[in-house]
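Written below as structure tokens is the structure these notes are about.
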Amino acid sequence: MPLSFGLVGYGHFGAFLHALAQRYLPDAPLKIHSGRRKPDGVLFFPLEEVAACDAVVLAVPISAYPATLARIGPHLGADSVVVDVATVKKYTMDLLQAARPAHPFVAMHPMFGPESYAKRGGDVTGLRIVVTGHSLAPARYAALCAELAAVGFSIVEKTADAHDKDLAETLFLTHYIGQVIARGGFERTDIDTVSFGYLMDAVDSVRHDGQLFEEVCRFNPYCRQVIERFDASDREVRDAMLGLQPPDRGRG
């Protein structure tokens, strides 16, 4: 495992990664850089110091990847491993390989976030991390997977394209439905069924992720296909429901 970690970006997910690092890597040196306002108790470092760490985790918006890679490039060590944790994988992996074709990287996507982590009481057992590519030596990659599995994470290997297709039909679809429900003003009531509670749990988990929702759609081409499929099925169900005849209140 790397001796030091750099974290570039300190938004919602970056802060979550910081918390995970404090829990599972309490003795590892960690340096953070972000253009955001520094929260109390968190120390930020200059970008060149963060980029010089053994592993540099990019926790920036997908749209910020080109500029971020250009900024950290001159400061990366020869053996610094860049860790891509973006929600979209094909786009960011292509950028990473083009920017650093001869340098080590790992492209992965943790299939969980701070909300799901909190709901499980911090239990990470079985939480999946998808790895879509890397350029590590086999022994180094095996050690990384072993370390992650040792604390309970489940490693899933997929191509970047397969990941993006599956993600469009799962996470993005959840976001899409959740955003529609949230913008429609639908809320919980005092007679909720269990299934409606699950639905609103999903809505709450994505309610405040507007930027991520838009960027996933922008940078994952499969999302448009999902929208079109959902729209077609929505029209079919809607037309069937609105086409039902109202009850004849003059009978019975």
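The values are calculated or read from the model by the stated rules, or taken from the named source; none is laboratory data. Every value quoted in this text rests on a predicted model; they were computed, and no experiment measured them. Methodologically, a virtual Cβ is constructed for each residue, glycine included, from the backbone with ideal geometry; neighbour enumeration extends over all protein chains shown.
Would you check if there is a residue in the range 230-240 being surrounded by 10 or more Cβ atoms within 10 Å (Cβ to Cβ), closer than 29 Å to residue 63 by Cα and out of contact with any Lys or Arg (no Cβ under 9 Å at 6 or more places or on another chain)?
Yes: one or more hits.
Looking at residue 51, is it aliphatic (A, V, I, L, M) and touching a residue at least 40 places away in the same chain (Cβ under 8 Å)? Please lay out each step first, then the result.
Details: aliphatic (A, V, I, L, M): yes; touching a residue at least 40 places away in the same chain (Cβ under 8 Å): yes.
It is true that residue 51 is aliphatic (A, V, I, L, M) and touching a residue at least 40 places away in the same chain (Cβ under 8 Å).
Within the range 13-112, considering only helices (runs of 4 or more DSSP H) that don't extend past its boundaries, which have at least 1 residues that are touching a helix residue (DSSP H, G or I) at 6+ places or on another chain (Cβ under 6 Å) and assigned by TED's automatic domain parsing to the domain that holds residue 214?
The helices (runs of 4 or more DSSP H) meeting that bar number zero.
What tally of residues in the range 34-54 results from selecting those that are closer than 23 Å to residue 134 by Cβ and buried (at least 21 other Cβ atoms within 10 Å of the Cβ)?
3
Return yes or no: is residue 114 of a type outside the set (S, T, N, Q) and either in contact with a Leu (Cβ under 9 Å, 6 or more places away or on another chain) or free of Cβ contacts under 8 Å to residues at least 12 places away in the same chain (or both)? Give the derivation first.
Numbers: of a type outside the set (S, T, N, Q): yes; either in contact with a Leu (Cβ under 9 Å, 6 or more places away or on another chain) or free of Cβ contacts under 8 Å to residues at least 12 places away in the same chain (or both): no.
Judged against the criteria, residue 114 is not a match.
Please go through the range 180-201 and pick out each residue that is of a type in the set (A, V, I, L, M), in contact with a helix residue (DSSP H, G or I) (Cβ under 6 Å, 6 or more places away or on another chain) and either farther than 19 Å from residue 115 by Cβ or modelled with pLDDT of 95 or more (or both).
181 - this is the single residue of the range 180-201 that is of a type in the set (A, V, I, L, M), in contact with a helix residue (DSSP H, G or I) (Cβ under 6 Å, 6 or more places away or on another chain) and either farther than 19 Å from residue 115 by Cβ or modelled with pLDDT of 95 or more (or both).
Does the range 133-149 contain any residue that is part of a strand (DSSP E or B) and modelled with pLDDT of 95 or more?
Checked the range 133-149: at least one residue is part of a strand (DSSP E or B) and modelled with pLDDT of 95 or more.
On the basis of being within 15 Å of the chain's Cα centre (by Cα) and buried (at least 16 other Cβ atoms within 10 Å of the Cβ), does residue 165 make the cut?
Judged against the criteria, residue 165 is a match.
Filter the range 150-209 for residues that are of a type in the set (S, T, N, Q), in a helix (DSSP H, G or I) and within 18 Å of residue 109 (Cβ to Cβ) and give the result.
Result: 174, 205.
Identify the single condition in (1) more than 22 Å from residue 216 (Cβ to Cβ); (2) surrounded by fewer than 19 Cβ atoms within 10 Å (Cβ to Cβ) that residue 144 does not satisfy, given that it satisfies every other one.
Failed condition: (2).
Take the residues in the range 70-110 that are within 15 Å of residue 59 (Cβ to Cβ) and out of contact with any strand residue (DSSP E or B) (no Cβ under 8 Å at 6 or more places or on another chain), then tell me which one is surrounded by the most Cβ atoms within 10 Å (Cβ to Cβ).
Here the answer is 88.
Just checking, how many residues over the range 12-33 are more than 16 Å from residue 83 (Cβ to Cβ) and surrounded by fewer than 18 Cβ atoms within 10 Å (Cβ to Cβ)?
6
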